[in-house]
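Each value in this text was obtained by applying a stated rule to the coordinates, not by laboratory testing. Predicted model only: the values in this text are computed from it and were never measured. Neighbour counts run over all protein chains shown; Cβ positions are idealised from the backbone, glycine included.
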Amino acid sequence: MTDFLFQYGLFLAKTVTLVAAVVLAAAGFFALLREARDHGHDRLEIRNINERYESMADTLNHELLQEAEIKQLHKQRKAEEKARQKVARQGHQPPRPRVFALSFDGDLNASPVESLREEISAVLQVARKEDEVLLKLESEGGLVHAYGLAASQLTRIRDRKIRLTVAVDKVAASGGYLMACVADRILAAPFAILGSIGVVAQLPNFHRLLKKNEVDFELHTAGQYKRTLTLFGENTDEARSKFREELEDTHALFKAFVIENRPTLDIEKVATGEHWFGTRALSLRLVDEIKTSDDYLLDRSREADIYEVKYRRRQSLSDRLSGGLLKLGLGLRSGIEKAWPRAI
């Protein structure tokens, strides 16, 4: 009898575990399905940062202040808002400036540029001369043409005479600095990494391995320099020389762009491919002020209305489901492997 009860209990435990696993899997699947449906359209998201700050402050005040003090605080806030609205109606006060906060977390291909271009197009349609765009920028750099396009998107803001501020909390190196230098003002955290104004390219060559195993490789081109260095063919000194010439030309374009946007830089001193931490970058005039994006936004919130702007791109149902299932099952990490080669 005891053995029967033990076996029955074991069977019951297995059954409950299996049912629970099925229920959890089904719940996860339907959650992914609902998320995919909710994200089925491109959309622009706007969030008022001032309200978020006020909400956090109110939460603390309710815990720290006496009831009478809280009432007095609310009364004072209402009076200030009423006075501001009265002055605005009488036309004695210019419109309150607005800060549009954008974010760019770059990868090798500068993928966020697809959302950045939409966010900038939206902002430029409503921005006034007293407004400002703040870009919170994080990037280690990547492909030349990709970051060139990203920098060009920021140039659109400058061309419209709208103030552009770039804040770097962690890193804006190489292609990231190509973007940052467009700004009217660059802010950096004390230990943020900046600079790396240089160009790099690397590739393996398997010619000797193929030759050792008697494998022929043929490459046919039209145009003397359609290909220079190759992965499988035998590279010549002439090809290497041409390849280095192209790298130097890209570096020259990089330096010219930086000095055009930040003419006070000693470009030959900073365009060595080196990078510097924020405080050192300030002494080299790569940045204008040591300050985090959080401090800057908090300071600006006292005199400006701050709006966080994000453009969410539509993903297909299959992409959302497959991406979500992979994350659930494998715990994939975001970002790219550091071993990928970079152009700038």
Q | Alpha carbon convex hull of segment 182-273, volume per residue in cubic angstrom | A | 149
Q.
Under a Cβ-only charge scheme (Lys and Arg +1, Asp and Glu -1), can you give me the dipole magnitude of segment 130-271 about the Cα centre, in debye to the nearest 20?
A. 160
Q: Rounded, prolate or oblate: pick one for segment 42-132, where a ≥ b ≥ c are the square roots of the eigenvalues of its C-alpha gyration tensor, a/c under 1.5 means rounded, and failing that, prolate if a/b is larger than b/c, else oblate.
A: oblate
Q: Could you work out the local net charge near LEU187, counting Lys and Arg as +1, Asp and Glu as -1, over the other residues with Cβ closer than 12 Å to its Cβ?
A: -3
Q) Hey, got the dipole for segment 202-271? About the Cα centre, +1 on K and R Cβ, -1 on D and E Cβ, debye to the nearest 20? A) 180
Q) Of all the C-alpha pairs in segment 120-190, what % are more than 13 Å from each other? A) 61
Q) Which FRET efficiency value, to the nearest 0.05, is calculated for ASP105 and GLU69 with the Förster distance at 35 angstrom and r the Cβ-Cβ distance? A) 0.30
Q.
Using a 10 Å cut-off around each Cβ, can you sort ILE344, ILE46, ILE267 from fewest to most neighbouring Cβ atoms?
A. ILE46, ILE267, ILE344
Q) Taking Cα centroids, how far is segment 243-318 from segment 114-161 in Å? A) 12
Q: Output ³J(HN,Hα) for segment 250-257: one whole-Hz value per residue in order, computed from phi by the Karplus curve 6.51 cos²θ - 1.76 cosθ + 1.60 with θ = phi - 60°, and x for Gly and Pro.
A: 5, 4, 4, 5, 4, 4, 5, 5
Q.
Greater than 31 Å separation of Cα atoms is the criterion. Which listed pairs, LYS269/LYS310; LYS86/LYS136; LYS170/LYS226; LYS129/LYS269; LYS78/LYS129, meet it?
A. LYS269/LYS310; LYS86/LYS136; LYS170/LYS226; LYS129/LYS269
(Q) Quick query: amide H of SER139 versus all other amide H atoms, modeled in the peptide plane; which residues come in under 5 Å with a sequence gap of 5 or more or a different chain? (A) GLY106, VAL171, ALA172, ALA173
Q. Taking neighbour counts of Cβ atoms within 10 Å as a proxy for exposure, in what order, fewest first, do LYS291, LYS86 appear?
A. LYS86, LYS291
Q. Going by the alpha-carbon gyration tensor, a ≥ b ≥ c the square roots of its eigenvalues, is segment 189-234 rounded (a/c under 1.5) or, if a/c is not under 1.5, prolate (a/b greater than b/c) versus oblate?
A. oblate
Q.
Around THR272, under 12 Å between beta carbons, what's the net of Lys plus Arg minus Asp minus Glu among the other residues?
A. -1
Q. Expressed in nm to one decimal, what extension gain is obtained for the pair GLU214 and GLU238 from 0.36 nm per residue of sequence separation less their Cα-Cα distance?
A. 6.1 nm
